[in-house]
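Where a number appears in this text, it was derived from the coordinates with a stated rule and is not lab data. In this text, all values refer to a predicted model and were calculated from it rather than measured experimentally. When we count neighbours, we look across all protein chains shown, and the Cβ atoms used for this are built from the backbone with ideal geometry, even at glycine.
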Amino acid sequence: MTAPLLNVDATEAVRESHRFDVGKLERYLAERIEGFKGPLTVRQFMGGQSNPTYYLGTPGALYVLRRKPPGKLLPSAHAVDREYRVITALAGSGVPVPKTYLLCQDDEVIGTWFYVMECVVGRVLTDPRLPDVPPADRATLYDSMNEVLARLHSVDYRTIGLGDFGRTGQYIQRQLHRWIQQYRASETEHIESMEKLMAWLPEHMPAEDSTTLVHGDFRFGNSIVHPTEPRIIAILDWELSTLGHPLSDLAYNCMPYRLPGDSMEGFEGADLAALGMPSESEYLAAYCRRTGRDGIKDWDFYVAFSMFRLSAIAQGIMGRVVAGTANDPHARTRGARARPLADAGWALVQKL
């Protein structure tokens, strides 16, 4: 079995709640994108938790549209304008991103803000265990992901015009405050381990306070892999990108090393050498070599913080399920991960 290519085969008919006037969009784009010419075919990409994403097909080119979802939104969420800005700024930086065409902040066109970028054709591998990748290619593909993340954290964000893309310093503190607020705003049940994490993490902050450009959700599921080669050719879904602590990005990327495979698509306790994948220590060593770091202190704190943060994100998904605004038919399953993620984070803290 092979992963589907990112094209019309990975789409479905536009869901009823996310439909808009296709003719109006076609006229809008024809006036603003050089060479754009209909007729326009619109389908919706399957999956996705936050911003609905659409395949735009024309006789001459393929495009992708990302929009804010309709309905009541949480404060600061669904920031398609920030996505557009960071992807546009990273063009030519060495970080693989799609070409962007335009940002529309006029709700009259399709009902919410949106942006349009090129459609990069390749494989989307949502499972970090890479079951659809030959074992001989897995280490190479993980090394490609490691290299892309190191490149991102090495970008001079001021030089590419992102000096005001976020605040510098105290990123972990600000993220804790933000996600505790978001968690409370969408809370659907009491999770004791989450309560303990929210109390413990602010009291045990590491001393290091680096600032780089961070992705915020860096993983294979937000990457496009070359159709036939084991390398990443584009990074997607930059909604959570900001100026932040690079080790939070790295720890989030490494969470599968600490999560079980039966329920969380992780590989804790697996024979990684037999699977053709690097160990956590090997992966961290490669990142340190590429970024000039002399080791990583307080690593388990960053992993526990990442579990807390993803638990809060999962709770937000469940909140949208309860409100009836979830974009993904599998949203309830993903939202249900809030509790096991918080449990895993608190279990890690107890071992420190």
Worksheet entry | Gap separating the Cα centres of region 223-293 and region 80-100, nearest whole Å | 21 Å
Fill in: Correct choice for volume of the Cα convex hull per residue in Å³ that was computed from the model, options [x] 125; [y] 137; [z] 168
[y]
Fill in: Calculated [θ] (222 nm, deg cm²/dmol) that DSSP helices of n ≥ 4 give over the chain, each run adding -39,500 (n - 2.57)
-12000 deg cm²/dmol
Item to complete: Could you pull out every residue, at least 5 positions away or on a different chain, whose amide H is within less than 5 Å of the one on R123? Hs are placed 1.01 Å off N in the peptide plane, and Pro or chain starts have none.
Response: L6, V225, H226
Item to complete: Could you rank the peptides 238-249, 196-207, 107-118 by their average count of other C-beta atoms within 10 Å per residue, with the highest value first?
Response: 238-249, 107-118, 196-207
Worksheet item: Cross-link partners among lysines for K68, C-alpha distance below 30 Å, same-chain residues fewer than 8 apart left out?
Response: K24, K37, K99
Worksheet entry | Cα-centred dipole magnitude for region 132-259, charges only on beta-carbon of K, R (+1) and D, E (-1), debye, nearest 20 | 180 debye
Response to the item:
Sequence order, region 297-302: Karplus ³J(HN,Hα) from phi using 6.51 cos²θ - 1.76 cosθ + 1.60, θ = phi - 60°, Hz rounded, Gly and Pro as x, gives 8, 6, 4, 5, 4, 5
Fill in: Over region 135-351, relative contact order from alpha-carbon pairs under 8 Å, at least 6 apart, %
28 percent
Worksheet item: Once a ≥ b ≥ c are taken as the square roots of the eigenvalues of the Cα gyration tensor of region 105-189, is the result rounded (a/c under 1.5), prolate (a/b larger than b/c) or oblate (a/b not larger than b/c)?
Response: rounded
Fill in: Overall form of region 8-118 per C-alpha gyration tensor (a/c, 1.5; a/b vs b/c)
rounded
Discussion item. Taking a ≥ b ≥ c as the square roots of the Cα gyration tensor eigenvalues, with a/c under 1.5 meaning rounded and otherwise prolate when a/b beats b/c, else oblate, which class fits region 192-347?
Written reply: rounded
Discussion item. Compute, for region 8-118, the length of the dipole vector about the Cα centre, with Cβ point charges of +1 (Lys, Arg) and -1 (Asp, Glu) only. Units Debye, rounded to 20.
Written reply: 160 debye
Worksheet, complete the sentence: Once Lys and Arg are counted +1 and Asp and Glu -1 for all other residues with Cβ under 12 Å from that of Q181, the total becomes +2
Worksheet item: What angle, in degrees between 0 and 90 and rounded to the nearest 10, separates the Cα long axis of helix 80-89 from the longest principal axis of the Cα atoms of the chain?
Response: 80 degrees
Discussion item. Using +1 at the C-beta of Lys and Arg and -1 at the C-beta of Asp and Glu, which of A314, A79, F267 has the Cα lying farthest in the positive direction of the dipole of the chain?
Written reply: A79
